[in-house]
Amino acid sequence: MEKVILIAVNHDMPVEAFEANVAEMTELVKTAGGEVQTILTQNLSHQKFKTFIGTGKIEEAKRAVEQYDCDLAITNQDLSPSQLFELQKEIDLPVIDRSQLILDIFAGRANSKAGKIQVALAQMEYLLPRLSGQGVSLSRQAGGIGSKGPGETKLETDRRVIRRKITQLKKEITELDLHRERSRDKRKNSLTIDLGLIGYTNAGKSTLMNQLTDAKTYEKDELFATLDPLTRKCHLPNGLVVTLTDTVGFLHDLPHNLIAAFQSTLKESSDVDLLLHVVDASSPFQQLQEDTVIKLIKELDMDRIERLTIYNKKDLISTTFTPSLYPNIVISAKSDEDIKALKKVISDKVKGLLTPFSLHLDPEEYAKLRGYDSVFIQQSLEFDEDTETYILTGFAPARFIEQFGLGRKK
């Protein structure tokens, strides 16, 4: 485990936001396989041009590096190539910034071919402007934390080679985007209602995914436990079978390159019928995390989708909790009773998205329709002996009604 000195500078953040930033950086380091030995903080009206921190703080950092025998310094903000170089030179220690830390974590979490390609592209685009004239800083910087950086030998030092590799990765991502677009179109034409799990990283989405479906996905109390999108069937109490998709968790100030590379992954939840926004209600920074997700929802043009907020981890809430988003439900994903209640709320919410229908069906038509009984909710069923037809009323997705012509009465 690498020993890390965390250097955090506050320019204009409110105290609570800065505390949240530092706490999150500590968790990110832990997730990456490092251990924060000490935290140096400084309030500055503007960022120091050459070294990120002031001369007094640099001397303090040197003493801390020696005292704790640190392997790496990590900053809470992104630095320019020259700032990285100068800070490394001053404290005589490898330095990475917030973006590279997050990219290294993603590199360690990506399991699918798509995830690995997206992370590799983001890493190379991040490192490209940092390859010129940095000498020894490149080998330090390219190594990252937890050996998850691209590495100097893999990157090579020829910028033209890197650019060609970036072009190739972008081509592969375009092909992946087309494949995912076809899959999304197929789902949109499907008769099944689609639900999407979204939320701040470590809010408990994977745990909920496992509780609501038979996904058996990786879950752990750490940031970015899930990177690759996963879709599974979920059986609701009203008889409907819906799909539930889990995607990468959000984070405040995600690196721009990473957001760009993961656009297709984030879009997995952009065409669903209902968003399940999972919030860690026990977090001391719950409101900041909540605001971050809402902002990203708007940026991804997903605020048009119906949304249910699930305040999770109520078993860990130590103070009075007041929800700020509606409609909502407060639960613990570890409680079977709460999961049962959640499924009922989801059922009611999904029913509100459906269109009522009433029709007469002859026995052959009725038999055909019964094959889709997990797609619609049956409200009543009668058999008219005079006309020898079934009179069926219920609720179904609009696309289901359109496909089967259920909008007309016989």
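How many residues are outside any loop (DSSP other than H, G, I, E, B) and either open to solvent by 10 Å² or more (accessible area, probe 1.4 Å) or in contact with a strand residue (DSSP E or B) (Cβ under 8 Å, 6 or more places away or on another chain) (or both) when one looks only at region 103-113?
Of the residues in region 103-113, the ones outside any loop (DSSP other than H, G, I, E, B) are 103-109, 113.
Checking which are either open to solvent by 10 Å² or more (accessible area, probe 1.4 Å) or in contact with a strand residue (DSSP E or B) (Cβ under 8 Å, 6 or more places away or on another chain) (or both) leaves us with 104, 107-109, 113.
Count: 5.
Show me the helices (runs of 4 or more DSSP H) found entirely inside region 1-102 where at least 3 residues are in contact (Cβ under 8 Å) with a residue 40 or more places away in the chain, of a type in the set (Val, Ile, Thr) and more than 26 Å from residue 122 (Cα to Cα).
Here the list is empty.
State whether one or more residues within region 203-211 are within 15 Å of the chain's Cα centre (by Cα), of a type outside the set (Lys, Arg), at pLDDT below 75 and open to solvent by less than 20 Å² (accessible area, probe 1.4 Å).
So in region 203-211, the residues within 15 Å of the chain's Cα centre (by Cα) come out as 203-209.
Right, trim to of a type outside the set (Lys, Arg) and you get 203-204, 206-209.
Pick out the ones that are also at pLDDT below 75 and you get none.
No, region 203-211 contains no residue that is within 15 Å of the chain's Cα centre (by Cα), of a type outside the set (Lys, Arg), at pLDDT below 75 and open to solvent by less than 20 Å² (accessible area, probe 1.4 Å).
Say we look at region 329-348 and pick out the residues that are acidic (Asp, Glu) and open to solvent by 50 Å² or more (accessible area, probe 1.4 Å); which of these is nearest to residue 275 (Cα to Cα)? Give the derivation first.
Of the residues in region 329-348, the ones acidic (Asp, Glu) are 336-338, 348.
Within this subset, residues satisfying the condition of being open to solvent by 50 Å² or more (accessible area, probe 1.4 Å) are 336-337, 348.
Working: 336: 22, 337: 22, 348: 14 Å.
Here the residue is 348.
Filter region 375-388 down to the residues that are assigned to a loop (DSSP other than H, G, I, E, B) and farther than 11 Å from residue 400 by Cβ, then identify the one that is least open to solvent (accessible area, probe 1.4 Å). Show your work before the answer.
Kept after step one, since they are assigned to a loop (DSSP other than H, G, I, E, B), are these residues of region 375-388: 375-376, 385-388.
Filter once more, so that each one left must be farther than 11 Å from residue 400 by Cβ: 385-388.
On the way: 385: 148, 386: 147, 387: 79, 388: 120 Å².
Selected residue: 387.
Please determine, by comparing only the residues of region 320-357 that are of a type in the set (Val, Ile, Thr) and not in a loop (DSSP other than H, G, I, E, B), which one is nearest to residue 378 (Cα to Cα). Quick ask: steps written out before the conclusion?
Filtering region 320-357 for residues of a type in the set (Val, Ile, Thr) gives 320, 322, 329-331, 339, 345-346, 350, 355.
Going one step further and asking which of them are not in a loop (DSSP other than H, G, I, E, B), we end up with 329-330, 339, 345-346, 350, 355.
On the way: 329: 26, 330: 29, 339: 24, 345: 18, 346: 17, 350: 14, 355: 12 Å.
The selected residue is 355.
Take residue 74 and tell me if it is within 14 Å of residue 5 (Cβ to Cβ) and out of contact with any Ser or Thr (no Cβ under 9 Å at 6 or more places or on another chain).
Working: within 14 Å of residue 5 (Cβ to Cβ): yes; out of contact with any Ser or Thr (no Cβ under 9 Å at 6 or more places or on another chain): yes.
Here the answer is yes, as residue 74 does meet what is asked.
Of everything in region 189-207 that's outside any loop (DSSP other than H, G, I, E, B) and touching a helix residue (DSSP H, G or I) at 6+ places or on another chain (Cβ under 9 Å), which residue is farthest from residue 346 (Cα to Cα)? Can you show your working first?
Looking only at region 189-207, we keep the residues that are outside any loop (DSSP other than H, G, I, E, B), and these are 189, 194-200, 205-207.
In the following step, the residues that additionally are touching a helix residue (DSSP H, G or I) at 6+ places or on another chain (Cβ under 9 Å) were identified as 189, 194-200.
Numbers: 189: 22, 194: 12, 195: 10, 196: 12, 197: 12, 198: 15, 199: 17, 200: 20 Å.
Checking each candidate, the answer is 189.
Would region 356-374 turn up any residue that is surrounded by 16 or more Cβ atoms within 10 Å (Cβ to Cβ), of a type outside the set (Phe, Trp, Tyr) and modelled with pLDDT of 90 or more?
Taking every residue of region 356-374 in turn, none turns out to be surrounded by 16 or more Cβ atoms within 10 Å (Cβ to Cβ), of a type outside the set (Phe, Trp, Tyr) and modelled with pLDDT of 90 or more.
Residues that are within 26 Å of residue 170 (Cβ to Cβ), under 17 Å from the mean Cα position of the chain (by Cα) and not in a helix (DSSP H, G or I): does region 280-297 have at least one?
No.
Exactly one of (1) in contact (Cβ under 8 Å) with a residue 60 or more places away in the chain; (2) in a loop (DSSP other than H, G, I, E, B) is unmet by residue 257. Its number?
Residue 257 satisfies every listed condition except (2).
Filter region 237-247 down to the residues that are open to solvent by 10 Å² or more (accessible area, probe 1.4 Å) and in a loop (DSSP other than H, G, I, E, B) and list them by number.
The initial filter retains those residues of region 237-247 that are open to solvent by 10 Å² or more (accessible area, probe 1.4 Å), namely 237-239, 241, 243.
Selection gives 237, 238, 239.
Could you grab the pairs with beta carbons closer than 8 Å, sequence gap of 6+ or different chains, first residue in region 338-355 and farther than 18 Å from residue 374 by Cα, second one assigned to a helix (DSSP H, G or I) and open to solvent by 50 Å² or more (accessible area, probe 1.4 Å)?
338/314; 339/211
The values are calculated or read from the model by the stated rules, or taken from the named source; none is laboratory data. Quantities reported herein were computed from a predicted structural model and do not represent experimental measurements. Because the Cβ atoms are built from the backbone with ideal geometry, glycine has one as well, and the counts that use them run over all protein chains shown. Only protein heavy atoms, including side chains, enter the accessible area calculation; ligands, DNA and RNA are left aside. Shrake-Rupley method; radii C 1.70, N 1.55, O 1.52, S 1.80 Å.
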